Structures are given as structure tokens and as C-alpha cells.
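To start, the structure under review is shown below, and the notes come after it.
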Amino acid sequence: MKNLSYIFIFICLINFHCQVEEPAITSEYPSYSGIYPHLAYYNEEGECGTGAVIPWADRLWVVTYGPHLPFGSSDKLYEITPDLQQIVRPESIGGTPANRKIHKESEQLFIGPYAIDKEANVRTISYETMPGRHTGIARHLTDPENKIYYATMEEGFYEVDVHSLEVTELYEDANVGNRKERDTDSNPPGSLLLGAHGKGVYSGQGVMVYSNNGESGQKALEQFDIEAGSLSEWDGNEWKLVRRNQFVEVTGPGGIYGNADPANDPIWATGWDHKSVLLGVRNQETGWDFYRLPKASHSYDGAHGWNTEWPRIRDVGTEGSSDYLMTMHGMFWKFPGDFTAKNAIGIRPRSAYLKVIGDYARWKDQLVFGCDDSAQKEFLNKRSAKGNIEGPGQSNSNLWFTDVDLPDNLGPATANGSIWLSEKVAANEPSEPMLFTGWMYTSMWLKNEGAQSSNFQLEVDKTGKGDWERLESVALGAGEATVLTWSEDNKGEWVRVKVDKATTATVHLSFTDQDERGKYLSGIFEGVRTEMNAPVQSGLLYGLGNNRRSLGIAASSSNSSENAGYYELDGAMQLVKKEDNETFNFIEESFAIPENVFVVDEGSVLVTDDKGRRWRLPLGDEKFTSPSLSGQLRICREVATERDLFNCHGTFYELPAENADGYAKIRPISSHNLMVTDYASYRGLLLLSGVDPKAASSNEHIIVSEDKKLALWAGVIDDLWKLGKPAGTGGPWKDSAVKANTPSDPYLFGFYDNKKLELSHQSNDPVTFQIQFEPIGHGPWMTWKEVTVAAGETFVHEFPKGFESRWIRFVSQKDCVATAWLTYD
């Protein structure tokens, strides 16, 4: 009875502290798409991310972090009042913290190296006493009323007395004896556990679980698909390896309080490999079970682990109504609070996002996301498409305040993931389950890469209880591939595959919904010019350094490079012309837009990446060709840490860093008619230049200078979804002389709505073509269909809804002049 009372009190405390409805936020400060520029935080490091966001003591508490600073930094602890005053706490000692825990018995919030009581008094644990990049806090295994565990990213583990803050070192942090010299150096290898770059920690069921999402060594800085990371657990005496993959979040139903029933409540862990997202759940009796979920974005990949920040699972519901929100690989997920291996049901995609999110919470009946926006060092995210452009002069980020339903209303939830990827599989051994529901359409690509035929047997679990039944069986000969499609969402909760003969195989799934957006929408972008000859001033953008905390603009006259003066935008969003030729010249030289980033031919945009790989993208309006090639429109820039925004021929794309496979995993966001001179991240905002000042009277997103001559558009990167669905036309061949049995360049196929193919040639005889798809980005090509096209005829095919793959290419069986034309509408 005593245990039941304890659990009841624990639940009441959780509800009291973080789930009671509160009055809405009221503030007189300007805001744009939920960003309050005055709340931006800066440091003097190569990156300024948001490590933790926690409501406590009628305040919102925020810590920021620099990239690799285990002994302190210029980062701060911030206290945000209900009327959005930002207080920099004098106790701040910086570092790289992302840890947070509310300790119910002592009524304290532990965040970073700070302990905050219910009266908002702050105590600090020095880095001399507890060095390391603090990444997580867990409840103590044997004395949870009086002690907690701290974990660092380099395997430092400490026991902290919550009353005295006395620290007992359990395992030494690897930075103590092996300091990194540069931020871009490989992670220091740990001597305790596999992997390098720890992320999460949680306790329950008699163990402390620790996640690690990276790997040490030069290969980890360049490749995304090597062995990396680990999930481990500690019983108070010994460590045990659970799984050798990259893992991030470790939590349970109790979230930042710890589980109410630690002996029996589940522990959840999220991670990924080069195939898909991974989800683990621990049961006290049976141990760990693992599931696979698809990825919306591949910008988070990278064997070093640097591209993820801190994905989370957090309860953002209200008292009596839990609502667990999960962030993982660019997708908001609905996560069931009662998820176990015996009740594996209810995980659903919500929508895709572009912001890089470190933590989030519900506060004052809004969601508040802490982001990683503008890093002064772009680390490994370098590419020739950006030219010699530098990062912002000073790292900065911000909070993002949104409605509670925003996670349902951003980008389409298109996602993909592999069950097997060119790997050896044993006969009659089921694969791990992949989520099989939550979308309207599903495509499954299967390829038998072995030397003998094999039957691929698909099984589904409809209830999430582990009851498997046969769905379908597919016989594939050696080297043969096929695709299965479903257009209903009642197939089953999970799907798994097994083969009747040992082979090498690929099984990949793509998931899509109907994209209900229109095309070429203006909406909140009204006023951004749509023609190069529009009579508006424009300019190059640069976030200033040296604690000036303003944005510099080297302005130019309409449709020319004539100097129109230097302007600055401050934190109050006042845009003022200034005399500063030195800064103007610096911006013009250092942020010049490179020319000829890509090639535009009759059929497509051809991009050659820094590894020499060729990729073809759809064409937009012809008006984009000349200004794009002549350096009048910005093509590529980092506007969220460690991934780029690629603006190519009328379509905005999310472009992963090269160490996350770059263009192979490019994702179109939206197509548009906007002639954007430049774009940049500043104080958490996305800013665009090339804007008509007159439009400010009807568009609150437009900021006009004091002299009324220059205007900027201000919003967030996720506003780009509102421009409408991606569209375009083109193909890898347009009246092209093609050689027999030589594949065309890959042409982007995925993420578009209505897709139509027209295939023709100029030969006097019939020509047979292979139509091949590569659904993954780093997987095998699969022949979908062979078609023979008679002389003078055109093969026309409209792909059914839900038919999805990332890339398409064509192979002719004879020399000819051919056209392969795709229309995405």
C-alpha cells in the first residue's frame, strides 16, 4: 500500500509541476512566426545551441551550449518571465549542457550544472568539480530521494547529493586526459564504452541506460554508414552492451521526473542506422525489443553523431491528458505513453519539420522549442555550391513559440526506411518490424541480390501484441526486383519479412500521404519579388560578429549591382542605414554569390557534387536560369546548423551535409516564383532579401528600413512549406544521344505528388528501355519495367498515387536519340 501511495503522490507532482493549464503568454515585443527576436541568445563559441527548455518556478529556464566545451564557456543560464523578459543568470558557467531533471523529493530543477529550487534560487556545480559535457541526468538506483546521476558525452559519470551538491566521480570523463584541439577534430575515443558522443541517460528496472550516437576516427567524419554508437546499461557495478548502433534519447513515461514505477515502467530509446530510425523498449522480465521507423530527413545522419543535437520524447499534454511528442530525423511523431513490447501500438507520424530542435516543453498553453539556428563554425558542412561564404560572425539561436497543434501542420510526413539493405539474410529468420501504418500510401521495394531464387514472405502484426500473420509472398529470382504498393491504411501496425532461402536482399519502404497544398502560393510571402526587374532594393545578408548582435546588409539597387548603401537590423527589428564602408565591403567580398553552381540544360538542372557524383533535378520557370547562373540569386546556404537550404530553379530543398550523403538525400520542400537575392538565419529567423517595401502595409512579415527604401521578409524556415507542393518538369534525357546499356544520370523522383512519364526516341526501329529506380539514395538500382517503344511513338505512364522512390534513371538497349520526360504536378 505504501508503494501505491508513493506512485500516486509522484503522479500528482508531475501534473502539478508541468501539466496544469496556464494563462497565455502576453508580450509587447515583436514576433514573427513565433520567434521573438529579443529572446535570441549568443555566445562566443563556434555554435550556440539550446540544450534544455524547462518550465519551473513560474519561469521558463533555458541553457545554451557551445560545441565541445567540457570545462565551461561563454554560454548562459536564462530565466524567461511570463511577460518574456530575458534574465541572464549571474551564476552561469557555460559548457555544453543538455541535461535536465526535476527532482521531486527536494523540489529542485537540475539543468546543466545548476540546481534551482522552487523559489528560483540557483546553485552551481563547478566544472572543476564535475568536468564534462553534461548530457543527461538519471534518478539514483539505490538512493533516489537524496542522489542523482550525471552523465557526460564522453562517458563521465557522477553521483551528486541533491542537498549538498557533493560530487562523487564514478567514471572519469574522457576529456580530462584527452582534450580536443579543434571543434572539427574527431570525437575522443572512450575507454569505457563503444562509440563516442554520448547523448541520453535514464534509470529504471534496476539499471541506468546510456546512449551514444557517434564514433571516433577520421572515417566517422566522412562516412555515414559505418558502425557507430551504442546503447549500454549499468547495474551499479558492471556495464553491458545492449546494441551497437547510434542512439540518442533514453526516457520513459515519467520523462524528466523519472518513472513513477521504476521497477516496472518501460524504458524507451531512440536511435538510427544507415537504414532507418530505431526504437527500443525495455521490459523488466524480457529485456530489450527493437522496432524500425522510417526517416523523414537524412540531414541527421553522419557517423560522428554531430548532426542530431538532442532528439526527445516529452509529454506536452495537460493535467489528466498526456500527449507524448517525439522528434526524430525531421519528423514530429505521436508517441503512446503506454508503449511496450506487449502493447506496441499507436506511434503515428504527425508532420515533417526543418528547424533543428534541441529541447521543447509546453508552457503557458503553447509549445516552446529550443533550437540550434546559426553556428559561426559550419564544422564539416562545407561544399562548393556555397562558394567561399563564411558562417555568421557570431553564433546565435532562439526559442520558437507555437500553437500546441503545430506538430500536425508543417510539411508532408513523407518518409522512408529499409528493413534490409544489400545484406546477407538467413533463411526463415524474421526481420525486425517496420512501422506499417499512419500513411495513406505505402511502397515496398524488394530485391533479391543473391545467386538463387527466394520467396520473400511478408507478415503483419495488426494489434501490436506480437501476433504475426501472413500478408503476402513474393518469389524473386536471382537479381530480380519488384515493388508492392498499398493505398489503404489498415494493413497492420508492423510488417516484417523473411525468406525461405538464405540470400542477400534489400527491402525498403516509402510512405506518403496526399499533399493537399496548392502550387506556387504567395500568402505570407506576398511582397517578395517575383521578377528580377521589379523596382526594389535588395542585398547580401550577414550576421555580424564581435557582440554587435545585428544583421548587416550590403544593399544594391534594383536589377543591378550598384551600391545602395549599408544597413543594419537590430534585435528590436529596426532596419537603419549606416555609414560603414568597411563592413559593406567585407560582406560584398565574403558573401558574394557564386556563379555557375549548377548547369541548366534543356531537360534538367545538373548538379555535380564535391565527390564528383552527378544528380539531375527538375526545371522550374525559365526566368530562374540566367540570374541563378550569374550569381544574382543565392543558391546554397546553411540556415539551420549542419544542413543547407538549396534554392534551385524555383524549388527550395533541404540538403544534408556531405558527411550525411549530401545530394543523394536531397528533399524538396516547396516550389515557388520568388526571386530571392539572399537568405540567412538571424536570431532564429529566416530572412529573405529582394522585397517590396510597399507590401509591408498588408504583410506583417515584412520589415522596412527607416528611409523606406529597403525591406526584408522575416519568418522561420518552416514557413517555406507554405509556398506549396514541389513541382517541376524535365528528365535526364532531352533529345539526347544515348549509348546502349549506359544508364542515364539519376533524376529526382521522390516527394512529388502527381507524376507522369513520357519516353520516346528518334530511331526508325523499336527501342527497348529499362526504367530503373533507386528508392534509398545509397542502395541498389532496381529494374522496374522494360518497355519497347515503336518508332514515332511515345510511351506514357501516369504513376499511381503512392508510387514512391527517391531516384529514377533509364537504360537504352541500343544507341539512339531519346527523351525521358517527367512532369510533376
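Taking the inverse of the mean reciprocal distance over all distinct Cα pairs, the Kirkwood hydrodynamic radius of the chain comes to 27.6 Å. For a straight C-alpha distance cut-off of 27 angstrom, the lysines reachable from Lys465 (same-chain residues fewer than eight places away being disregarded) are Lys275, Lys295, Lys334, Lys342, Lys491, Lys498. Spatial offset of the range 347-361 relative to the range 236-308 amounts to 17 Å, using the alpha carbon center of each.
At a Cα cut-off below 18 Å, give the aspartates and glutamates reachable from Lys104, other chains included and same-chain residues fewer than 8 away excluded. Output for Lys104: Asp58, Asp117, Glu119, Asp143, Glu145, Glu159, Asp161, Asp261, Asp265, Asp315, Glu319.
Computed over the range 75-222, the range of Cα coordinates on each principal axis works out to 48, 38, 25 Å, biggest value leading. Need the list of aspartates and glutamates near Lys578 for cross-linking: C-alpha distance under 18 angstrom, and skip anything on the same chain fewer than eight residues off. Result set, ordered by chain and number: Glu562, Glu568, Asp570, Glu588, Glu706, Asp707.
Under the simplified labelling scheme, the Ser626-Glu758 pair shows an inter-label distance of 2.6 nm, with each label point 7 Å from Cα along Cα→Cβ.
Whole number please: convex hull volume per residue of the Cα set in the range 702-825, in Å³?
Per-residue hull volume (Cα only) is 151 Å³.
Other residues lying with their Cβ under 13 Å from the Cβ of Asn581 contribute a combined charge of -3, Lys and Arg counting +1, Asp and Glu -1. Semi-axes of the equivalent ellipsoid for the range 603-695, computed as √(5λ) from the eigenvalues of its C-alpha gyration tensor and ordered from largest down, come to 22, 18, 10 Å. Share of carbon and sulfur in the accessible area of the range 756-825 stands at 41%, probe radius 1.4 Å.
Other residues with beta-carbon under 10 Å from the beta-carbon of Glu249 carry, at +1 per Lys or Arg and -1 per Asp or Glu, a net charge of +3.
With kT/(6 pi eta Rh) evaluated at 25 °C and eta = 0.890 mPa s, and Rh the Kirkwood radius from Cα pairs, the range 253-375 diffuses with a coefficient of 159 µm²/s according to Stokes-Einstein.
For the range 341-434, applying the loop criterion from DSSP together with a ceiling of 16 other beta carbons within 10 Å to the GluC sites (Glu not before Pro) yields Glu390. Okay, which of the range 533-574 sit inside 19 Å, backbone N to the point 7 Å along the Cα-Cβ direction of Glu390? Output list for this probe position: 540-555, 566-569. Highest mean first, the peptides 650-662, 586-598 sorted by other C-beta atoms within 10 Å per residue fall in the order 650-662, 586-598.
For the chain, averaging the sequence separation of C-alpha pairs within contact (under 8 Å, six or more residues apart) and dividing by the residue count gives a relative contact order of 10 percent.
The distance separating the Cα centre of the range 510-587 from that of the range 598-626 comes to 25 Å. Pairs of Lys residues in the range 642-780 are counted when their Cα atoms are under 23 angstrom apart and they lie 8 or more places apart or on different chains; the count is 12. Sequence-distant contacts, meaning Cα pairs under 8 Å at least 6 residues apart, place the relative contact order of the range 494-631 at 14 percent.
The values are calculated or read from the model by the stated rules, or taken from the named source; none is laboratory data. Since this is a predicted model, take the numbers as computed values, not measurements. Note that we place each Cβ from the backbone using ideal geometry, even for glycine, and neighbour counts take in every protein chain shown. These accessible areas exclude ligands, DNA and RNA; they are computed on the full protein's heavy atoms, side chains included. Shrake-Rupley method; radii C 1.70, N 1.55, O 1.52, S 1.80 Å.
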